[in-house]
Amino acid sequence: MSPLLRRFLILLASIFAIVTFNFFLFHVIPGDPLRLIARSQHLTPEAVAHLRQVYGLDGSLLEQYVVYLNNLLHGDLGYSFSLQENVSDIVGRALVNTLLLLTCSTIIVVVVGIAIGVFAGSRHGKKSDSTTVVTSLVFWSLPTFWVGMLLVFIFGVWIGGLPISGITTPNAVYPNVFGVASDVARHLILPTLTLALVDIAFFIIITRTSLVEVMGEDYMLTARGKGLPRRRLVWGHGVRNALLPVVTASVLYISALVAGAIQVEVVFSWPGMGLLTYNSVLSRDYPVLEACFLVISVAVLVANFCADVVYRRLDPRVTVTS
Amino acid sequence: MHTEPQPDSPEGARLSRRTLLRTALLTGAFLATPGALAACAPATTNSVSTNKLLRVGWKSDIDTFNPLTTVTTEAVEVQSLIYDTLMAYGLDLKPEASLATAAKQDGATITYTLRDGVTWHDGTAFTADDVIYTFELIAKNELGVNAQYLVDLDTAKATDPKTVVLTFKKPQAFDPGLVVPILPKHIWGTKTPDEVSKFPNADPIGTGPFTFKERKQGQSVALSRNEKWWGTKPAAAGASWQVYTNDDLMAQALKNGEVDIIPQVPPTVFAGLKDTKDLTSVSLDSFSFHHIGFNVSADKKSKGNPLLLDKKVRQALGYALDRKQVAEIAYAGYASPGGSILMPSFGDFYWEPQGDEVIDNNPDKANALLDSAGYPMGPDGVRQASDGTPLKFRIIAIATTSTDVRTAQLFQASAAKVGIKLDLSNVDSDTMASTVYNTAGPDWDIFVWGWDSGVNDPSYMLGVPLTSQIGGNNDVFYSNPSYDALYDQQATELDRTKRIALVKQMQQMFYDDSAYLVAVYIKKLQSYKNTAWTGWTETPGGMIFNFTRDNYLKVTPKGS
């Protein structure tokens, strides 16, 4: 069996295990979602029993599990108790919004983070190096929601001019599609900046450390001995070799962000996966929660799988020991 | 594995003054980036349509446009502008004509005369068939919050194209025509009841003063004025509702003019808005109270403390509780002391205890009552029953509802003064519901929670503690045959004066039985931008977010 196929099968098995675990996890949480649906409606027991049936909450846990698996294989994620809509539609919309935020922040964090990391690493031991490291560590240690609230205060209340809530301006009239794009872009600034400020240190430190290590290798000494110009030395020989751990970090960062933007999304009312998960927990919306966790877990697993594949291509020394 | 932190370089090990300075500079540069980004953002020609648009800010999204499955007040509010009812509440909260120009009640029948020339938003003509379809659909399948008013419905018939007669099994004091939104048969009639239960109704078609424009889930809903509406057209060309996940963002949006009115201002924010320029902030009577409930289930399966089945213990706790203190401390004055199960907003239906009837803030009387009932003070300051069981009870409150937690704490202190010990635990709202409503064996003693009357008629609130509502809304498992009998009597009493007498008798009975200690009546805090719209009528229950939609229809843009 080829190592890749093997990895792929493990991926599938993991997904199945997670689906099962998720299902039972959410069904053993105390609290009956039907109580929330039925409260204050003066319903008769027959009507409650009927509702139970409509929402698929009748039958034993095992029966519900089999139904859930069967529906899942058919792409049916269920029906939301609280939003009264198909879960796949709800999660689909939220995922698009989250991916938008995630793409912007990842690009900024990775590109700028690597650039600053290289800047610091290539000036190893100098003041500019230590200043960069200390600054990024300061930002890394700030709580995300707190940075978000601070930016809301600065740009929403003090200075003004930047939207602090939602993804578009309420009741905006757009002349064309570029109008929509620019409105969304303006709403993206603060959430993206919040994520970037806090997370960029991760990439600065990794790149810097990795580069410092590479710069000390014998082949770098050889390269320097050949009289290569500094720029080629750093970028052509150093950075290329130093980026391996950064690739792993980037992939893991993306997968963590699918779930990890919860704080930012709640602070800025950004209608993505984080906010959806947060609201679904409050309303005990099992089908939505199961779908959210499924998407998040699959994102992590697939990202890891991709990291493996990419890594293998980048570094032929990596092999799978079977 | 432990690793010693290793300085990268001698300089890196210590923060020199210069490094610190550079760190500060770089931090500043980081913070300045968004400003620069904003400046670089392309100049847009987008405009925000504020022209005669009535904009509301609130904290949760609507759940659905389907009036037969909705459970949120937000959705009912938006739907009330899309769908008409046969009769409607005016700004004085009295019934007036709507889709029906008249309703005549005669014994167990109600006859509605339908309005001429009404069309649905899609242009189809509105007919008596739509009315009959709606009432039958709800009654036969027990769909939605309004099914409870149609349990006695026998038949719905059209005697001619403009007259609909509802025949009930017994006379109805409450006219369900006031609350049932009329649905278009040509859209809903093709669905089975189960399909109706899962119908998102994403593009709602009604006969109401506004038509659906757009919905962004979790963010906003917008409606446009129905230019073909049968009534006097509203001045607002549209209405929109924007969701804010954060109280401060919402208040800021009102100050900035992003929204025109906030119908539910949190008390913490209200103080800040009260003195803001261009804002009018009002504190109105509401249809909500918060109460302390006792588990009085007589069922053998109940795991509640049986000492609470003694009315004297409950009354003693009622005498111990200082409702004024709760209103002032837990609610910062944005509530008034409670009493009856009906809120004062019910007007002439409301009963207020007088003189000796008052069970409130009287520790001496509480002590005397417990002494005479055979609960002497124990050595540890906790009273005991004759068999030596201490008067110790569990009390639960929803952790995130800080006012309830504070109420429980104040109650705890008051009860301790008369020798009753309360152990408080905080739960989340869902655990609260499943614990309290656990019909298989309610395992709790006392809770702090609240009720909103879903309808402007005493029947809803009075109906909560009915024996038949055990397993339904009856949160304290109260059961009193005389109370149940009075309920049935008032529900079929068409003479208003006689009905008021019955309703007051029920309130007095329930108050004296002390299964509830209604702690406070909540104030509805609303705030609006007085430079945007004028002509708001301050109605008990709220200018909007109330049983009447008329403020949406009657306000006019400032300066027009």
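The values are calculated or read from the model by the stated rules, or taken from the named source; none is laboratory data. Here the structure is a predicted model, which is why all the values come from computation and not from measurement. Don't worry about glycine lacking a Cβ; one is built from the backbone with ideal geometry, like all the others, and counts go over all protein chains shown.
Here are some notes:
- Candidates in the stretch B:258-289 are the residues that are touching a Ser or Thr at 6+ places or on another chain (Cβ under 8 Å) and acidic (Asp, Glu); of these, the one that is nearest to A:PRO170 (Cα to Cα) is B:ASP278.
- Hits in the stretch B:447-481 - residues which are farther than 14 Å from B:HIS290 by Cβ and part of a helix (DSSP H, G or I): B:PRO458, B:SER459, B:TYR460, B:LEU462, B:GLY463, B:THR467, B:SER468, B:GLN469, B:PRO481
- Here B:PRO181, B:PRO200, B:PRO176 are screened, and the one residue that is in contact (Cβ under 8 Å) with a residue 12 or more places away in the chain and more than 14 Å from chain A (Cβ to nearest Cβ) is B:PRO181.
- All positions within the stretch B:474-499 that are away from chain A (no Cβ under 14 Å), under 24 Å from the mean Cα position of the chain (by Cα) and either among the aliphatic types (A, V, I, L, M) or surrounded by fewer than 18 Cβ atoms within 10 Å (Cβ to Cβ) (or both): B:VAL476
- Identity of the residue in the stretch B:429-460, of a type in the set (Asp, Glu) and farther than 25 Å from B:LEU317 by Cα, that ends up surrounded by the fewest Cβ atoms within 10 Å (Cβ to Cβ): B:ASP430
- Residue list for the stretch A:170-188, restricted to those being surrounded by fewer than 20 Cβ atoms within 10 Å (Cβ to Cβ) and either β-branched (Val, Ile, Thr) or within 16 Å of B:GLY257 (Cβ to Cβ) (or both): A:ALA172, A:VAL173, A:VAL177, A:VAL180, A:VAL184
- Within the set B:GLN384, B:GLN354, the sole residue that is polar (S, T, N, Q), touching a Pro at 6+ places or on another chain (Cβ under 7 Å) and more than 21 Å from B:VAL476 (Cβ to Cβ) turns out to be B:GLN384.
- Residue in the stretch B:159-172 that is under 28 Å from B:TYR487 (Cβ atoms) and either without any contact (Cβ under 8 Å) to a residue 24 or more places away in the chain or surrounded by fewer than 15 Cβ atoms within 10 Å (Cβ to Cβ) (or both) present: yes
- Filtered residues of the stretch B:149-166 (kept if within 14 Å of chain A (Cβ to nearest Cβ) and touching a Phe, Trp or Tyr at 6+ places or on another chain (Cβ under 8 Å)): B:TYR149, B:LEU150, B:ASP152
- Which numbered condition B:THR167 fails, given (1) out of contact with any helix residue (DSSP H, G or I) (no Cβ under 9 Å at 6 or more places or on another chain); (2) farther than 24 Å from B:PRO95 by Cβ; (3) among the hydroxyl-bearing types (Ser, Thr, Tyr): (2)
- Within the stretch A:211-222, one or more residues are touching a Gly at 6+ places or on another chain (Cβ under 9 Å) and surrounded by 22 or more Cβ atoms within 10 Å (Cβ to Cβ).
- Those residues of the stretch A:152-171 which are facing chain B (nearest Cβ under 7 Å), free of Cβ contacts under 8 Å to residues at least 60 places away in the same chain and within 29 Å of the chain's Cα centre (by Cα), in sequence order: A:PHE155, A:GLY156, A:VAL157, A:GLY161, A:LEU162, A:THR169, A:PRO170
- Taking (1) at pLDDT below 90; (2) within 25 Å of B:ALA330 (Cβ to Cβ); (3) surrounded by fewer than 19 Cβ atoms within 10 Å (Cβ to Cβ) in turn, B:GLY471 satisfies each apart from (2).
- Against the test of being at the interface with another protein chain (Cβ under 9 Å from one of its Cβ atoms) and modelled with pLDDT of 90 or more, the options B:LEU53, B:LEU81 yield a single qualifying residue, B:LEU53.
- The condition of being in a helix (DSSP H, G or I) and under 23 Å from the mean Cα position of the chain (by Cα) holds for A:VAL110.
- Selection over the stretch B:192-221 of residues that are at pLDDT below 95, buried (at least 21 other Cβ atoms within 10 Å of the Cβ) and in contact with an Asp or Glu (Cβ under 7 Å, 6 or more places away or on another chain) gives a count of 1.
Yes/no per residue for (1) without any contact (Cβ under 8 Å) to a residue 40 or more places away in the chain; (2) within 14 Å of chain A (Cβ to nearest Cβ):
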site	(1), (2)
B:GLN384	yes, no
B:ARG394	no, no
B:ALA399	yes, yes
B:PHE411	no, no
B:LYS421	yes, no
B:THR431	yes, yes
B:ALA440	no, yes
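- Restricting the stretch A:47-104 to residues that are among the charged types (D, E, K, R) and assigned to a helix (DSSP H, G or I), the residue that is farthest from the other protein chains (Cβ to nearest Cβ): A:GLU63
- For the criterion of being of a type in the set (Lys, Arg) and modelled with pLDDT of 90 or more, B:ARG17 fails.
- For B:ALA532, the conditions (1) within 14 Å of chain A (Cβ to nearest Cβ); (2) under 30 Å from A:ALA49 (Cβ atoms); (3) more than 16 Å from the chain's Cα centre (by Cα); (4) not aromatic (Phe, Trp, Tyr) all hold with the exception of (2).
- Checked against (1) modelled with pLDDT of 90 or more; (2) surrounded by fewer than 22 Cβ atoms within 10 Å (Cβ to Cβ); (3) out of contact with any helix residue (DSSP H, G or I) (no Cβ under 7 Å at 6 or more places or on another chain), B:LEU279 passes all but condition (3).
- Some residue of the stretch B:330-337 being without any contact (Cβ under 8 Å) to a residue 12 or more places away in the chain and among the small types (Gly, Ala, Ser): yes
- Among the residues of the stretch A:172-189, those that are facing chain B (nearest Cβ under 7 Å) and either in contact with a Lys or Arg (Cβ under 8 Å, 6 or more places away or on another chain) or assigned to a helix (DSSP H, G or I) (or both) comprise A:GLY179, A:SER182, A:ASP183, A:ALA185, A:ARG186, A:ILE189.
- Residues that are within 14 Å of chain A (Cβ to nearest Cβ) and surrounded by 17 or more Cβ atoms within 10 Å (Cβ to Cβ) within the stretch B:254-268 comprise B:LEU254, B:LYS255, B:GLU258, B:VAL259, B:ASP260, B:ILE261, B:ILE262, listed in sequence order.
- When the test is whether a residue is more than 27 Å from the chain's Cα centre (by Cα) and closer than 24 Å to A:THR248 by Cα, A:SER136 does not pass it.
- Checking the stated criteria, A:SER130 turns out not to satisfy the condition of being within 24 Å of A:GLN263 (Cβ to Cβ) and either in a helix (DSSP H, G or I) or more than 9 Å from every other protein chain (Cβ to nearest Cβ) (or both).
- From the options B:ALA251, B:ALA236, residue that is touching a Lys or Arg at 6+ places or on another chain (Cβ under 9 Å) and within 14 Å of another protein chain (Cβ to nearest Cβ): B:ALA236
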